[in-house]
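The values are calculated or read from the model by the stated rules, or taken from the named source; none is laboratory data. Since this is a predicted model, take the numbers as computed values, not measurements. Counting neighbours? That spans all protein chains shown, and the Cβs are built from the backbone with ideal geometry, glycine included. Just the protein is used for accessible areas: all its heavy atoms, side chains included, with ligands, DNA and RNA removed. Shrake-Rupley method; radii C 1.70, N 1.55, O 1.52, S 1.80 Å.
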Amino acid sequence: MEFNRRNFLKFVAGGLGGTLLSPLPWKLIDDIAIWTQNWAWVPVPERGKFSYIKTVCTLCPGACGIQVRKVGSRAVKIEGRSEYPVNQGAICPLGMAGLQTLYNEGIRWKAPMKRVGPRGSEKWKEISWDEALDTLTTRIKGLRDKGVPEELAAIDGNQSRSTMALLIKRLLSSIGSPNYLRMPQEEDTHTMVNFLMQGINGPLAFDLENTDFILSFGCGLLDGWGFPGSMLSVWRHWISDEQKKHKTHVVQVDPRASNTASKADIWLAPFPGTEAALALGIAHVIIKEKLYSKEFIENHCFGFYDWFDEKGVEHKGFSGIVLGKYSPANVEIITGIKRRVIIEVARKFASAHAPIALAGRGKGTFPGSLYEFMAVYALNALKGRINTKGGTLITDDVPLAPWAEVEYDSVANNGLTKERLDRAGTSQYPFTRSLIHKFTEAINGNQSSPVDTLLLCSANPVYTIPDNQSFIQALAKIPFIVSLSPFMDETSMMADMILPDHSHLEKMIDIVRPTGIQYPLYALSQPVVKPLYSTRHSGDVIISLAKRIGGSVAGSFQWANFEEAVKERVSGLYDAGKSKVSWEDITKNGYWYTPSHSFGEWTDIFKTPSRKFEFFSTEIELALKAYSKGLRPVGAYALEGKSFDDTLLDLGIRSKGDEVYMPHYEELKSSGDKNQYPLLFLPIEFINLASGWIGSPPFLNKTLFDHQLTKDDLFVEVNPKTASQYRLAEGSRAILQSSKGELSVRIHLFDGAMPGVIFVPFGLGHTAYDKYLKGKGVNPNEIIDPIEDPLSGQPVWWNTRVKVIKA
């Protein structure tokens, strides 16, 4: 389906001009001033000296540099740091409103708490830190004494390479539990693609500052994707740099007229879930017209041409499969994008000086489809845009010093031989590091929970994961739940004990290689204010807990506190750059990085079995054949008598032959019968609405328009043609039903919404926090019915089907 962007922009420009000439902005300012006077916790600065503290925002993994203004001991304003390399002064709305997560006493735990009523009753008793830690220590030691340390599990939302994440994982390993789980995110899929096609264990990096053509498959570049502060800064650079020889053009692939799509040079709206086919249709044109980089393809790629293996068996190459299956005419049928448009975009991408193709969705909050991301990344390889200026980069790791190896006793060694409950990393899901929905299934599928004690760290899965009702059901079966959240969020409200963390402005925390950043960077935040309440740094809590457990567990935690653990890692940076740095330098600046890069290096950079970029992934071939032959443990799967194609179907792969090991289009089944649920249900994300584990600061609700949120009513976006089929008008009340449940919403008619799709904002519908968040709108996760992505097993949440009933 193709939308007329010119007419759309005329409409938007007219509306924007009318808005600026109307009293609306000034009314909004007045409303906020009056509204906030009613809050008991509104910051009222004391008289005192002005001061400024430079630190790093850790509300998301973007690691933007911020400067906090203080009056006396009170923080009063947050703004971006112009000298900081990531965001260069830019800052997103959530980062600007970060003071509300610090000072809003209605959302914060003020001391350790023990539940004294039924779960969810919100009846708590304050306890001492010693009692809290002793209680948890006794619980964990009891599991080890019984020889079942694997019954301890943790769900962690900290950045995967951060010191906090490593400490939590280290604790579980030293105790003897393999059940360390991470919250799902888009970086998981990028990391798998990097490993399967380039042999690199780590996130992808993008040199967006030097590109002149961006082909974005769903990435909300202006909607909070990746590293929001940096993206805002880069976009400003694209449109204001008059010295650039090549103007930066943006093509946005998105079924909805998002902020990014409306400001792109070309907007393509394929049917949701067909993005891989569109990428391969573009690849078809590039290959057919020989617009690819011959040098890179012939000297540094494997699997592009037909080839013979060591047994003399012929294999089909990527080029042959793409030319045979993904012509623009065929792709038009699949995606709805006109063949002439596919050809036009392919030629523009191929003729650009420094093009780059990106894969993602919205803010990057959730993982994507593995084969789709591979298909998009293959476009970069076709043009030789790997490790080149303005392309995707293979960067060095941040040279942090390693810790000593974990000490394991016999109890830990025995526990670590047990299979993970989520089966991530097994032969069924060999490339996936964590699968919370499989963890949920493992608990709900047993009469009694295989998990006795669950730790929750910087995570709110009750609110943030698709099909959250199944997760709530699993939580109800777990005997003991401990939350280390600083906030009274949905998940901590279901806990048995709270060990409250500091807020982000009260503690030191690090972020290592923020997702997508084009150079090795280490970011370190500093406390801006002293802790307001009787809270403790979660890192200190983990270290203290390990020492109380004793034995080899205590021996694995040689530090007195979190800062010492960070210092030991950071010592590896002192002599790593062009000039020596010290701990004082890094804490003062808040970062360490090496901005230089060796562009154009293709020899010896790929770590795949072929030592080349792989269109044909050898790792996928090895893993699938091992799985089929049962060479590794396969749990409950009985493979005897199954053909290889049957085995692929078990994994959701419907393709056959060599295509299985290469980027290709897999048609994903929608959850729910199309006749019963005729409409697609797509969650969307806004840059001014937090959709992660931290709730939106109340100020951000005032940035929403009345057609997005009015009082407690959430509006969903529906194309007028679709709305007319159901006799829905602007503001109509409606019920959205899926196989998982229903939501009560109101209708906003939007020409930029694809017909047949209902778009629902993420970030509202909280059932916890305070009155400024609780009950405002609805949470799409309550009715999302995810399906498993082929091969990766990650939950695909954009194929849920619903029906709409006029209320």
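With viscosity 1.567 mPa s and temperature 4 °C, the Kirkwood radius over alpha carbon pairs of the range 679-806 converts through Stokes-Einstein to a diffusion coefficient of 86 µm²/s. Once both labels are positioned 7 Å from their Cα atoms along Cα-to-Cβ, the gap between Asn414 and Asp645 label points is 4.7 nm.
Each residue was assigned an accessible area with a 1.4 Å probe, and for Phe50 the value is about 110 Å².
Spin-label model, Glu79 to Tyr574: label points 7 Å out along the Cα-to-beta-carbon direction sit 3.6 nm apart.
Over all pairs of different C-alpha atoms in the range 407-460, the reciprocal of the mean inverse distance, the Kirkwood hydrodynamic radius, equals 12.9 Å.
How much area per residue is accessible in the chain when the probe is 1.4 Å and only protein heavy atoms are counted (Å²)? Intermediate results must be reported in sequence, preceding the final value.
Working: 31280 Å² over 807 residues.
Computed with neighbouring chains in place, this is 39 Å² per residue.
Rounded, prolate or oblate: which fits the range 50-103 when a ≥ b ≥ c are the square roots of the eigenvalues of the alpha-carbon gyration tensor, with rounded for a/c under 1.5 and prolate only if a/b beats b/c?
On the way: a/c = 2.28, a/b = 1.35, b/c = 1.68.
Note, shape of the range 50-103 comes out oblate.
DSSP bridge analysis restricted to the chain gives an antiparallel fraction near 55%, rounded to the nearest 5. Largest first, the residues Thr417, Thr211, Thr191 sort by 1.4 Å accessible area into Thr417, Thr191, Thr211.
Within 10 Å, count the other beta carbons around each residue, average over each peptide in 305-317, 269-281, 383-395, and list them highest first. Present the calculation step by step, with values, prior to reporting the outcome.
Values: 305-317: 11.5, 269-281: 25.8, 383-395: 22.5.
For the peptides 305-317, 269-281, 383-395, the packing ranking is 269-281, 383-395, 305-317.
Protection proxy ranking, highest mean first, for peptides 111-120, 350-359, 60-69, 75-84: 60-69, 350-359, 75-84, 111-120, where packing is the per-residue count of other beta-carbon atoms within 10 Å, averaged. In this rough spin-label picture, where each label sits 7 Å from Cα along the Cβ direction, the Asp265-Lys311 distance is 4.9 nm. With K and R counted +1 and D and E -1, the other residues having a Cβ less than 9 Å from that of Val76 yield a net charge of +4.
Take the Cα pairs of the range 536-692, get the Kirkwood Rh, then feed it into Stokes-Einstein at 25 °C and 0.890 mPa s and tell me D in µm²/s. Please list the in-between numbers first.
On the way: Rh = 22.8 Å.
The Stokes-Einstein estimate is 108 µm²/s.
In plain terms, the chain from Ser240 to Asp585 could stretch by 120.9 nm, reckoned as 0.36 nm per residue minus the Cα-Cα distance. Residues of the range 94-115 with the amide nitrogen closer than 19 Å to a label point 7 Å from the Cα of Glu131, along Cα-to-Cβ, please. The answer is 109-115.
Matching the structure-derived Rg/Rh (Cα atoms, Kirkwood Rh) against the labelled list [x] 0.94; [y] 1.10; [z] 0.98 gives the label [x].
Solvent-accessible surface of protein heavy atoms, probed at 1.4 angstrom with all chains present, puts Ser128, Ser327 in the order Ser128, Ser327, largest first.
Can you check what the net charge comes to around Val512, using other residues whose Cβ is under 11 Å from the Cβ of Val512 (Lys, Arg +1; Asp, Glu -1)? Intermediate results must be reported in sequence, preceding the final value.
Details: positive: Arg161, Arg513, Arg569; negative: Asp397, Asp510.
After counting each charged neighbour, the total is +1.
Roughly how many Å is it from the Cα centre of the range 371-427 to that of the range 259-286, as a whole number? If you average the Cα positions of each part, the centres end up 28 Å apart. Full extension of the segment from Asp712 to Glu209, taken as 0.36 nm per residue of separation minus the current Cα-Cα distance, would add 177.0 nm. Structure note, pairs Lys316/Lys625; Lys629/Lys656; Lys77/Lys711; Lys49/Lys580; Lys114/Lys477; Lys438/Lys674: Cα-Cα distances above 24 angstrom occur for Lys77/Lys711; Lys49/Lys580; Lys438/Lys674.
Per-atom-type breakdown for the chain gives carbon and sulfur 51% of the accessible area (1.4 Å probe, protein chains only). Per-residue ellipticity at 222 nm from helix content only, as computed over the chain with -39500 (n - 2.57) for each DSSP H run of at least four residues, stands at -9000 deg cm²/dmol. Quick one: Debye curve from the alpha-carbon atoms of the range 731-805 only, equal weights, vacuum; give me log10 I(q)/I(0) at q = 0.14, 0.27 Å⁻¹ to two decimals. Rounded to two decimals, the profile gives -0.54, -1.31.
Of the trypsin sites (Lys or Arg not before Pro) found in the range 717-781, the ones in coil according to DSSP and having at most 11 other Cβ atoms within 10 Å of their Cβ are Arg727, Lys771. Pairs of Cα atoms nearer than 8 Å and 6+ residues apart set the relative contact order; for the range 560-715 it is 10 percent.
Please give me, ordered by residue number, the chymotrypsin sites (Phe, Trp or Tyr not before Pro) of the range 567-630 that lie in loop per DSSP and have at most 14 other Cβ atoms within 10 Å.
Working: sites: Tyr574, Trp583, Tyr591, Trp592, Tyr593, Phe599, Trp602, Phe606, Phe613, Phe615, Phe616, Tyr627; in loops: Tyr574, Phe599, Trp602, Phe606, Phe615, Phe616.
Loop-located and lightly packed - Phe599.
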